[in-house]
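Report on the structure given below.
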Amino acid sequence: MPVLGESGKQFSPAELRGKVWLLNVWGSWCISCQVEHPALLSLAKMNVAPLIGFDWKDKPDAATKWLAQQGGDPYTLSVTDLDGRVAIDYGVYGAPETFVIDRQA
């Protein structure tokens, strides 16, 4: 998947195989994501596990601006899913959603 804000860079979950990590589905259009964001900032400071953002059905410019307005970016990196096709593979029903990905995935 394309990495938000890094033209031409791609991310694959295979890069984290063997590690436990978190995948957080969010969007700049999501009011509940705004409420959740301070908790994610605190979690990121604890550095318990990589926190990967999954910017769902969002314009990259809007997403980047939104992160700056929310007091920071808690994510190790964020990927973009403009058309929502990858979200279907993860079983995403809405935002926000957070998945714990185990070492086997």
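The values are calculated or read from the model by the stated rules, or taken from the named source; none is laboratory data. Being a predicted model, the structure only gives us computed values, none of them experimental. Using ideal geometry, Cβ is built from the backbone for each residue, glycine included, and neighbour counts are taken over all protein chains shown. The area values use the complete protein model at the heavy-atom level, side chains included, leaving out ligands, DNA and RNA. Shrake-Rupley method; radii C 1.70, N 1.55, O 1.52, S 1.80 Å.
Please verify whether the range 32-52 includes one or more residues that are within 15 Å of Pro2 (Cα to Cα), open to solvent by 60 Å² or more (accessible area, probe 1.4 Å) and more than 13 Å from the chain's Cα centre (by Cα). Taking every residue of the range 32-52 in turn, none turns out to be within 15 Å of Pro2 (Cα to Cα), open to solvent by 60 Å² or more (accessible area, probe 1.4 Å) and more than 13 Å from the chain's Cα centre (by Cα). Taking every residue in the range 38-57 that is in a helix (DSSP H, G or I) and pairing it with any residue that is among the small types (Gly, Ala, Ser), at least 6 positions away or on another chain, the pairs with Cβ-Cβ distances below 9 Å are Pro38/Gly71; Leu40/Gly53; Leu41/Gly71; Leu41/Gly72; Leu43/Ala49; Ala44/Gly72. All conditions in (1) open to solvent by 80 Å² or more (accessible area, probe 1.4 Å); (2) assigned to a strand (DSSP E or B); (3) polar (S, T, N, Q) hold for Gln104, with the sole exception of (2).
Within the range 68-90, work out how many residues are among the small types (Gly, Ala, Ser) and either open to solvent by 90 Å² or more (accessible area, probe 1.4 Å) or part of a loop (DSSP other than H, G, I, E, B) (or both). Count: 3. Exactly one residue out of Ser28, Ser78 is within 19 Å of Ile101 (Cα to Cα) and touching a helix residue (DSSP H, G or I) at 6+ places or on another chain (Cβ under 8 Å), and it is Ser78.
Gly18 meets each of the listed conditions (1) touching a strand residue (DSSP E or B) at 6+ places or on another chain (Cβ under 8 Å); (2) small (Gly, Ala, Ser); (3) open to solvent by 20 Å² or more (accessible area, probe 1.4 Å) apart from (1).
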